[in-house]
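Asker: Here it is, the structure, as structure tokens.
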Amino acid sequence: MLTSVGKECPMCMGKKVIPGTCVCDMEWRGNRGDEEEWEDCQCAREQQCPVCHGTGLIEN
């Protein structure tokens, strides 16, 4: 999508952030989320897009 400011960032597709990823492995057990369940996954938070710096657009 083209605008007067620039075009949509190809890395984040105009969303301004990159979603975090989750990796799951039964060997990581030991982190307790609550009293009843064990957490097998470690997830990264979403982060600002490094290409467009959180604007969603890149200059033409």
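Since every read-out is calculated from the coordinates, none of them should be taken as a lab result. These figures come from a predicted structure and were not determined experimentally. Reconstructed Cβ throughout: ideal geometry from the backbone, glycine too, with neighbour counts over all protein chains shown.
Asker: Return the long-range amide H neighbours of residue 57 (sequence gap of 5 or more, or a different chain), with a cut-off of under 5 Å between placed amide H atoms.
Answerer: 9
Asker: Obtain the nm distance between the two label points defined at residue 7 and residue 23 by a simple spin-label model: each point lies 7 Å from its Cα along the Cα-to-C-beta direction.
Answerer: 3.4
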